[in-house]
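These notes are about the structure you will find just below.
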Amino acid sequence: MSIQEKKEDLKTLVEKLNFKEKVERSKAIIQQAYEKYGDSLVVANSLGKDSVVVWDLAKRVDPKIRGFIVTTRYKPAETIKFMKSEVERYPELKVYKNDTEIPERLYETDPDKCCDLLKVIPVRQAVEEMGVKCWVTGLRCTEGRTRTDFEETEERDAGLIKLNPILIWKEREVWQYLALCGVKVNQLYAEGYRSLGCEPCTKITVDDNERAGRWIGTSKCGGECGIHTRPLTDGDGI
Ligand code: SF4
């Protein structure tokens, strides 16, 4: 299986592969990319359940694999606490944060702008500073309406490969992995959250859509912060 040649119908794979097969496929995707990109392969760790699965998989491929975390002034205290414990355990996780002054409650008046400033810009900075040629994410195609149009290996920005190794995993399989491998998660999941973000923009819901609790009451409801949809390099994308 070459990471450049996977053309299978992802929806079929979501249903067809069992848990073990998905874990092996995901590890193989990371392994092959790591062989090709070496130290310029870097994991984007949002500290959410999907990211910590990908981080754990990457560490099994090679403990030397590096990662970055983007944090903001609005992250919940539990997330900051979890971030500190992860960084202490894995010093190869570099933290990026944009402390620039922004209008008060920008997350209400213009959440796209707020995410652009506080999330997308630090990701761009990480990509540049860490010399990233291949970034690895925890994106999953079953996660919500905005996440169906992705591939396991993509090049949305010219020269920057994006790897989505658990793209075909279901939410249940994420929790299976976390339980079976004893991976630590943010305590907010115990409160009932299913998708975590900044405190003002994240609510607990019982909606079927996993991301329904994100940006409730705004035009961005259930949507994206922009790191998966906006250009991450100086180019115009491809
Ligand atoms: S999630 Fe909300 S607070 Fe966080 S950067 Fe986006 S709009 Fe701002």
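Here are some notes:
- Matching residues in the stretch 83-120 - criterion: being under 21 Å from GLY217 (Cα atoms) and either of a type in the set (Phe, Trp, Tyr) or more than 9 Å from the ligand (Cβ to nearest atom) (or both): PRO103, GLU104, ARG105, TYR107, THR109
- The numbered conditions (1) within 26 Å of CYS221 (Cα to Cα); (2) open to solvent by 40 Å² or more (accessible area, probe 1.4 Å); (3) touching a helix residue (DSSP H, G or I) at 6+ places or on another chain (Cβ under 7 Å); (4) assigned to a helix (DSSP H, G or I) are all true for GLN176 except (1).
- Test: residue in the stretch 15-30 that is open to solvent by less than 70 Å² (accessible area, probe 1.4 Å) and in contact with a Gly (Cβ under 6 Å, 6 or more places away or on another chain): no
- In the set LYS119, LYS97, LYS113, only one residue is open to solvent by 50 Å² or more (accessible area, probe 1.4 Å), closer than 30 Å to VAL61 by Cα and either at pLDDT below 95 or not acidic (Asp, Glu) (or both); that residue is LYS97.
- Scanning the stretch 43-60 for residues being of a type in the set (S, T, N, Q) and in a helix (DSSP H, G or I) gives a total of 1.
- Scan of the stretch 46-70 for residues that are open to solvent by less than 10 Å² (accessible area, probe 1.4 Å) and either over 12 Å from the mean Cα position of the chain (by Cα) or at pLDDT below 95 (or both), ordered by number: LEU57, ALA58, ILE65
- With respect to the conditions (1) more than 17 Å from ASP9 (Cα to Cα); (2) surrounded by fewer than 17 Cβ atoms within 10 Å (Cβ to Cβ), THR148 falls short on a single one, namely (1).
- Tally of residues being at pLDDT 95 or above, outside any loop (DSSP other than H, G, I, E, B) and open to solvent by 50 Å² or more (accessible area, probe 1.4 Å) across the stretch 155-173: 1
- Taking the stretch 122-131 as the range and being within 16 Å of the ligand (Cβ to nearest atom) and either more than 13 Å from the chain's Cα centre (by Cα) or open to solvent by 10 Å² or more (accessible area, probe 1.4 Å) (or both) as the test, the residues that pass are PRO122, ARG124, GLN125, ALA126.
- The stretch 185-199, subset open to solvent by less than 40 Å² (accessible area, probe 1.4 Å) and in a helix (DSSP H, G or I), residue nearest to the ligand (Cβ to nearest atom): LEU188
- Residue, farthest from the chain's Cα centre (by Cα), within the stretch 132-154, restricted to residues that are outside any loop (DSSP other than H, G, I, E, B) and either without any contact (Cβ under 8 Å) to a residue 60 or more places away in the chain or more than 20 Å from ILE65 (Cβ to Cβ) (or both): ARG145
The values are calculated or read from the model by the stated rules, or taken from the named source; none is laboratory data. What you see is a predicted model; the values in this text were computed from it and never measured. Neighbour counts are summed over all protein chains in view; Cβ atoms, including those assigned to glycine, are modelled from backbone coordinates with ideal geometry. Side chains are part of the model used for accessible areas, which takes the heavy atoms of the whole protein and leaves out ligands, DNA and RNA. Shrake-Rupley method; radii C 1.70, N 1.55, O 1.52, S 1.80 Å.
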